[in-house]
Amino acid sequence: MSTLNRKKVRQRIHRRIRKKVAGTNACPRLAVSYSNQHIYAQVIDDTAGNTLCAASSLDKGIENAASNQSTAEKVGELVAKRAQEAKIEKVVFDRGGHLYHGKIKALADAARKAGLQF
C-alpha cells in the first residue's frame with residue numbers, strides 16, 4: 001500500500017497551473033506561497049524573469065506574524081500597495097498549487113480590496 005506524498009501532489013498541481021498562467025510585463029503574475037510560519041507573495045514578470053515587488057509576513061510593517069488568515073490579509077494589502085507604487089494595476093493570480101480557500105483566499109481578497117485587479 002502506498003501513501004500520497006502531499007508535497008509531490010501539490011507540485012504536480014502547480015506545474016499544471018503554470019502551463020496556463022504566465023506573467024508578462026503588462027499583466028504580471030502574483031505568486032503566493034506559505035510555510036508553517038510565514039506567508040509570501042511576489043509579483044513576477046516571467047518574460048524578463050524579474051520580481052517586480054514582494055511582501056511577506058517577515059516585513060517590518062506586520063506585527064504578530066504567523067501563517068494564518070489575518071496575517072495573509074495584511075500581506076495581501078501590502079503587496080497590492082507595493083504593486084500600485086510600481087504602477088501595476090492588473091495581475092494574474094498563481095495560487096501555487098494550494099486550494100483557493102483559507103489563507104490563499106484571504107490574501108487574494110485583501111489584494112483585490114486594496115486595488116489590484118485579477
Response to the item:
So, with points 7 Å from each Cα along the Cβ direction, the Ala66-Ala114 label distance in nm works out to 2.0 nm
Discussion item. So if each residue of separation counts as 0.36 nm, and I subtract the Cα-Cα distance between Val21 and Ala48, what length gain in nm does that give?
Written reply: 8.2 nm
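Kirkwood hydrodynamic radius (Cα pairs, Å) of the chain? Intermediate values should be presented prior to the final figure.
Details: mean 1/r = 0.0694 Å⁻¹.
This gives a value of 14.4 Å.
Please sort by residue number the trypsin sites (Lys or Arg not before Pro) in the range 39-96 whose DSSP state is loop and whose Cβ has at most 16 other Cβ atoms within 10 Å. Provide the component values of the computation, followed by the final result.
Numbers: sites: Lys60, Lys74, Lys81, Arg82, Lys87, Lys90, Arg95; in loops: Lys60, Lys87, Arg95.
Here the trypsin sites (Lys or Arg not before Pro) that fit, given the DSSP loop and packing criteria, are Lys60, Lys87.
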Discussion item. Suppose R0 equals 41 Å. What FRET efficiency, 1/(1 + (r/R0)^6) with r the Cβ-Cβ distance, do Arg10 and Lys87 give to the nearest 0.05?
Written reply: 0.80
Worksheet item: Assigning unit charges at the beta carbon (Lys, Arg +1; Asp, Glu -1) and nothing else, what dipole magnitude in debye, to the nearest 20, does the chain show about its Cα centre?
Response: 700 debye
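Read-outs throughout are calculated quantities, based only on the coordinates presented, and are distinct from any laboratory measurement. Just so we're clear, the structure is a prediction, and the values are computed from it rather than from any experiment. We place every Cβ from the backbone using ideal geometry, glycine too, and count neighbours over all the protein chains shown.
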